[in-house]
1. May I ask you to say which residue of Asn124, Asn175, Asn104 is more than 16 Å from the chain's Cα centre (by Cα), of a type outside the set (Ser, Thr, Tyr) and surrounded by 22 or more Cβ atoms within 10 Å (Cβ to Cβ)?
2. Checking the condition on the phi < 0 side of the Ramachandran plot and open to solvent by less than 20 Å² (accessible area, probe 1.4 Å), which residue from Gln133, Gln194 passes?
3. Regarding Arg74, is this residue open to solvent by 30 Å² or more (accessible area, probe 1.4 Å), modelled with pLDDT of 95 or more, outside any loop (DSSP other than H, G, I, E, B) and within 16 Å of ligand 2 (Cβ to nearest atom)?
4. For the subset of region 273-318 comprising residues that are touching a residue at least 12 places away in the same chain (Cβ under 8 Å) and charged (D, E, K, R), which member is surrounded by the fewest Cβ atoms within 10 Å (Cβ to Cβ)?
5. Within 11 Å of ligand 1 (Cβ to nearest atom), under 19 Å from Leu276 (Cβ atoms) and surrounded by 21 or more Cβ atoms within 10 Å (Cβ to Cβ), is that true of Gly144?
6. Being among the hydroxyl-bearing types (Ser, Thr, Tyr) and crowded, with 17+ Cβ neighbours inside 10 Å is the filter; apply it to region 232-272 and report the residue that is farthest from ligand 1 (Cβ to nearest atom).
7. Output the number of residues of region 280-337 satisfying the condition of being farther than 28 Å from Leu265 by Cα, away from ligand 2 (no atom under 16 Å from the Cβ), assigned to a loop (DSSP other than H, G, I, E, B) and of a type in the set (Asp, Glu).
8. Closer than 21 Å to Asn175 by Cβ and more than 15 Å from ligand 2 (Cβ to nearest atom) - does that describe any residue in region 246-259?
Amino acid sequence: RPRPGLARFRGCLAGALLGDCLGAVFEGRSVVKLPELLSFLKGLEAAPPEEGGEAAGSARGESLPYTDDTAMSRSVVQSLLAKQEFDEVDMAKRFAEEYKKEPNRGYGMAVVNVFKKLLSPKCNDVFEPARAQFNGKGSYGNGGAMRVAGIPLVYPDIQDVKKFAKLSAELTHANSLGYNGAILQALAVHLALQEGLSRETFLEQLISHMEHVEADDKSLSDARALGFEDLPFSRRLKKIKEFLELSSVPKADVLSELGNGIAALRSVPTAIYSFLRCMDADPDIPDHFNALQRTIIYCISLGGDTDTIATMAGAIAGAYYGEEQVPPSWEQSCEAFQETQRMAKSLYELYCQRL
Ligand code: R7I
Ligand code: MG
Ligand code: MG
Ligand code: MG
């Protein structure tokens, strides 16, 4: 099996951090105007003034806080590094302790109940609190997907990627429409790490894996219970294929077919579409931005759950293009960006050990 370079691991974690920190500035807005977004980005790139500019200079350095997306991604990575493999008890404990330490990172409304139960000494099955969510149906939010990148950065084998993406998501998201979104996002990062995959091959592989993933009894019954057609993620991947065959797609069509919401089904396919669409130049986005930057700008311009869609697309794009496309001025604006680089190195070493 070929060995991807360290630059892709660094790119993945940096891209994810950028997407969260930049996206969080615009999270929840139904409309994000491109000129406003571009002017905000210009502010990050502006060099601090030569003298007497202390305030402006320090305003840039790590001025953008990360949210729950990164807090939970870091817990996934730290657990994998501490245990050298997936350990559900350790990972659950880290999620809950992190929430207790910094509860105001913008967590989903319902998932905090899972953390509170996990913190109780009476909890002896770490998957049980997630199963109890939403009257026993489990959450279909995008929280399992937003944090999953560490899994494909540790496991080179695609069956391991699927298995541990699912288990890591099931600690909070027991509905298959939640954890299947995490599997899809993990597969996308896994494929992006591989050298030189074309847009067509990338999408074909995702479709064939997801058609298998979504064919089990629980996936079929969860989708039907929520009034969806069978294989909902696979269907959206096929819609992405149709969209990519068109020279341009109106934003309204992207939002109606793929979405910009907090459900995994309304955000993971959108992140994948954004990554694939932004391999090409976009007439609305200035040419001096590279493909990774364009991906993040495009995601944020869709509005809605901007931090989460941009963090997922940023992880995929960062794994694909590598850290060369991570602009230093953007990265240095993000909270704790240096730790990201250290974590990427350790993940890379663990991945190489497993090859
Ligand atoms: O999925 P989750 O961790 O939230 C992640 C999102 C990201 O945008 C983060 O940036 C942060 O802002 O939150 O947290 P959950 O609470 O499990 O799910 C998120 C939301 O999805 C819930 O609060 C519900 O509004 C909705 N949701 C559901 N609604 C009805 N029925 C999830 N599952 C259900 C459901 O079964
Ligand atoms: Mg968030
Ligand atoms: Mg939020
Ligand atoms: Mg979000």
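The values are calculated or read from the model by the stated rules, or taken from the named source; none is laboratory data. In this text the structure is predicted, and so the values were computed from the model without any measurement. All Cβ positions, glycine included, derive from the backbone under ideal geometry; neighbour counts span all protein chains shown. With ligands, DNA and RNA removed, areas are computed over all heavy atoms of the protein, side chains included. Shrake-Rupley method; radii C 1.70, N 1.55, O 1.52, S 1.80 Å.
1. Details: Asn124 fails: surrounded by 22 or more Cβ atoms within 10 Å (Cβ to Cβ); Asn104 fails: surrounded by 22 or more Cβ atoms within 10 Å (Cβ to Cβ).
Sole residue among the options that is more than 16 Å from the chain's Cα centre (by Cα), of a type outside the set (Ser, Thr, Tyr) and surrounded by 22 or more Cβ atoms within 10 Å (Cβ to Cβ): Asn175.
2. Numbers: Gln194 fails: open to solvent by less than 20 Å² (accessible area, probe 1.4 Å).
After ruling out the rest, the residue left standing is Gln133.
3. Working: open to solvent by 30 Å² or more (accessible area, probe 1.4 Å): yes; modelled with pLDDT of 95 or more: yes; outside any loop (DSSP other than H, G, I, E, B): yes; within 16 Å of ligand 2 (Cβ to nearest atom): yes.
So Arg74 passes the test.
4. Step one: filter region 273-318 for residues touching a residue at least 12 places away in the same chain (Cβ under 8 Å), giving 273-279, 281-286, 290-318.
Still in the running and charged (D, E, K, R): 277, 282, 284, 294, 305, 307.
Details: Arg277: 21, Asp282: 17, Asp284: 13, Arg294: 24, Asp305: 27, Asp307: 26.
The extreme case among them is Asp284.
5. Numbers: within 11 Å of ligand 1 (Cβ to nearest atom): yes; under 19 Å from Leu276 (Cβ atoms): no; surrounded by 21 or more Cβ atoms within 10 Å (Cβ to Cβ): yes.
No: the conditions fail for Gly144.
6. Just the residues of region 232-272 that are among the hydroxyl-bearing types (Ser, Thr, Tyr), to begin with: 234, 247-248, 256, 267, 270.
Filter once more, keeping what is crowded, with 17+ Cβ neighbours inside 10 Å: 234, 267, 270.
Working: Ser234: 20, Ser267: 8, Thr270: 12 Å.
That would be Ser234.
7. 1
8. Pass one, region 246-259, residues closer than 21 Å to Asn175 by Cβ: 258-259.
With more than 15 Å from ligand 2 (Cβ to nearest atom) added as a condition, the list becomes 258-259.
Scanning region 246-259 turns up at least one residue that is closer than 21 Å to Asn175 by Cβ and more than 15 Å from ligand 2 (Cβ to nearest atom).
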